[in-house]
1. Residue 444 fails exactly one of the following numbered conditions: (1) surrounded by fewer than 23 Cβ atoms within 10 Å (Cβ to Cβ); (2) within 30 Å of residue 144 (Cα to Cα). What is the number of that condition?
2. Checking residue 730 against (1) in a helix (DSSP H, G or I); (2) surrounded by 18 or more Cβ atoms within 10 Å (Cβ to Cβ); (3) over 27 Å from the mean Cα position of the chain (by Cα), which single condition isn't satisfied?
3. Which of the residues belonging to the range 399-435 are out of contact with any strand residue (DSSP E or B) (no Cβ under 7 Å at 6 or more places or on another chain) and assigned to a helix (DSSP H, G or I)?
4. Do you know which residues across the range 818-836 are surrounded by fewer than 16 Cβ atoms within 10 Å (Cβ to Cβ) and part of a helix (DSSP H, G or I)?
5. Of all the residues that make up the range 781-798, how many are within 18 Å of residue 152 (Cβ to Cβ) and at pLDDT below 95?
6. Would you confirm whether any residue within the range 558-565 is in the same structural domain as residue 598 (by TED's automatic domain parsing), at pLDDT 85 or above, assigned to a loop (DSSP other than H, G, I, E, B) and surrounded by fewer than 24 Cβ atoms within 10 Å (Cβ to Cβ)?
7. Output the number of the condition that residue 339 fails; it satisfies all remaining conditions of (1) surrounded by fewer than 17 Cβ atoms within 10 Å (Cβ to Cβ); (2) modelled with pLDDT under 95; (3) touching a helix residue (DSSP H, G or I) at 6+ places or on another chain (Cβ under 6 Å).
8. Quick test for you: out of 491, 438, pick the one residue that is within 30 Å of residue 284 (Cα to Cα), assigned to a strand (DSSP E or B) and at pLDDT 95 or above.
């Protein structure tokens, strides 16, 4: 999993072999089914060229160039939305500090015009002053040997090319949008494209900036939905202007006709904002490519039952449903470079046919494997070589077991200078919480901070005793993990975390171990140029001065002793248990009444609640353990500073609960779009409920004359009222988790997750105030690695600007045949994502 720092994530990761391989290699693996309930329209089109029906088949012609190597959150100024009634297809007038948006959007060439409140529309358009920051790792890279640099080079190439699978996983149109945007900017250059846009297409300066911001947001999120919150991103400029640019600009990876056909194929989806298309989700509740468009929650649950019966996990899969009259069939397709030579035999299940196939993202998985084979040549030891061999087998054959084996080698590779992990890791964005997004990172160890973490690991057993549950609810043995601070060189996926606890495979985590990593250069970059609403000047100064240091403490406890603590009580098929028969529930003082049955695991029992619940437990562990001043000395925090750091950490958590979480709540569906946000809102409610003036939130009128909120935390009551509240809550969290008591867990968690206008704290009403003050999340510019003429690896950094960010992506992918790979994958599954 991961933990998100407002827009930055910290992860507890958990996994899948090709169903074909699992059927022959595995017997009984519990399958996790996490349902996340989530909740179109282009106004009148005025086009300079004929419109191609969006369901028409695109030829997608390409020029096949000579192949070359691929080259390898945080508050900022407030954004407001001003009212406009101009349809988005005709004009959007963005300004420097204001997003002026149009109200009309309609998903096709329909004559209907649907109006949307401009303020609401602005939530889907990134602001012109979108913050862009540099993820600096120059010093760390320069400290590597030539062999280590070559290792990072090929690993980075594998991560970046594999990360393109995320575009496919995000939305049906994202691969096509990537090809158009990348080819436009690469062929013309940033300044050259601006000359065409302003000179030939009559872009205003703000329209040009809006295009840069949209392209940057799209590339950073690996698709046209936000990686944090899963809501759609649309361009803040008129459709006809963008279309004019596609017509008049040059392309090198497409013919002019092919580029125009591709644009006509995706343009409606670029701008559409139907209720379904506003966010990711399943069926009518949102967009997902993990399932075909005709799948519902009932289909997801049927597939869950089938996979559980077969002993298959779904991390590397997608599911496609076909209806032919009364005949219903499903394809469960695994990611792999190899494709089935002939159609696999169908399995009859509950009145339908289910086939297990391979070959999803095949050309991308082939490229990933080729780069990992090259990286193996520069691995520093045999463990790393075997790790990479296993990953290659996984991505080539579609074997989850091979990836698990690679993960075992990974956790055995203690203290490497270059740290990396790659694969289908996190399941946050699959609406059923099962299938995972591709992710890969390459980083260099920060030795000074890692030394502090090593001391923390040594003292872990003593710190675990400070947690509120009895010893019987803690693991029989704490498997000391490798815990390092890393400076990120490369991170591909839909967002960059600040901390990670992986692998996510329960059978490995419980009995063999895991690794904790803190991405050290992400945290300071995330907090750069912060603007903090809702607190007084003193608290702003404390957060600005001490929040980074406090957050490093929270990350350490969250990852090591949050995700790394706690025991699952289990009953085996023979009736034996992993706990004493006379063990009592500390909440009721009665004998234990429930536990995990044979074949069950945390995800399969907690399903839709699992991610938010576990993140909440880890955050609560961090808050409780940071109160131990002796342990703070590990981080160089002495007695005279300890109280300030503790206050900063608790204040930061509560501030986030007020100011950052409600953006991720959907009132129409009464659902949370983001697990970390829900977890922090729950903690806020727990501390408010504690009373005695510990936490107060009141509405007031701000200096601008608008409604505002004022948050206060009573520092003198943190160690008394706060400690008891978080300790009591944490005990319930752990006992319900340990005993598989999903009913009690859901009842408690749903109560604290509720967003309504009941009582003293009308959060449903206050959500509007929070959204009015919301801050855009930062885009991180990452460097590229390249080989010079002598075969040495060089690192290139870029400006902290939309232009610099886009330039990094231009140079990251020099082999334009990648367009053909993405376009072939998009067209292959096009029929599965056509609206009925």
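The values are calculated or read from the model by the stated rules, or taken from the named source; none is laboratory data. Because the structure is a prediction, the values reported are computed rather than measured. Cβ placement follows ideal geometry from the backbone for every residue including glycine, while neighbour counts extend to all protein chains displayed.
1. (1)
2. Status for residue 730: all satisfied but (3).
3. Answer for the range 399-435, where residues must be out of contact with any strand residue (DSSP E or B) (no Cβ under 7 Å at 6 or more places or on another chain) and assigned to a helix (DSSP H, G or I): 400, 401, 402, 404, 405, 406, 407, 408, 409, 412.
4. Step one: filter the range 818-836 for residues surrounded by fewer than 16 Cβ atoms within 10 Å (Cβ to Cβ), giving 824, 828, 830-831, 834-836.
Within the range 818-836, 824, 828, 830, 831 meet the criteria.
5. 3
6. Of the residues in the range 558-565, the ones in the same structural domain as residue 598 (by TED's automatic domain parsing) are 558-565.
Checking the rest, the ones that are also at pLDDT 85 or above come to 558-565.
Add one more test, that the residue is assigned to a loop (DSSP other than H, G, I, E, B), and what stays is 563-565.
Imposing the further condition that a residue be surrounded by fewer than 24 Cβ atoms within 10 Å (Cβ to Cβ) reduces the set to 565.
Yes, the range 558-565 contains a residue that is in the same structural domain as residue 598 (by TED's automatic domain parsing), at pLDDT 85 or above, assigned to a loop (DSSP other than H, G, I, E, B) and surrounded by fewer than 24 Cβ atoms within 10 Å (Cβ to Cβ).
7. Of everything listed in (1) surrounded by fewer than 17 Cβ atoms within 10 Å (Cβ to Cβ); (2) modelled with pLDDT under 95; (3) touching a helix residue (DSSP H, G or I) at 6+ places or on another chain (Cβ under 6 Å), residue 339 misses just condition (2).
8. Numbers: 491 fails: within 30 Å of residue 284 (Cα to Cα).
That would be 438, the only listed residue that is within 30 Å of residue 284 (Cα to Cα), assigned to a strand (DSSP E or B) and at pLDDT 95 or above.
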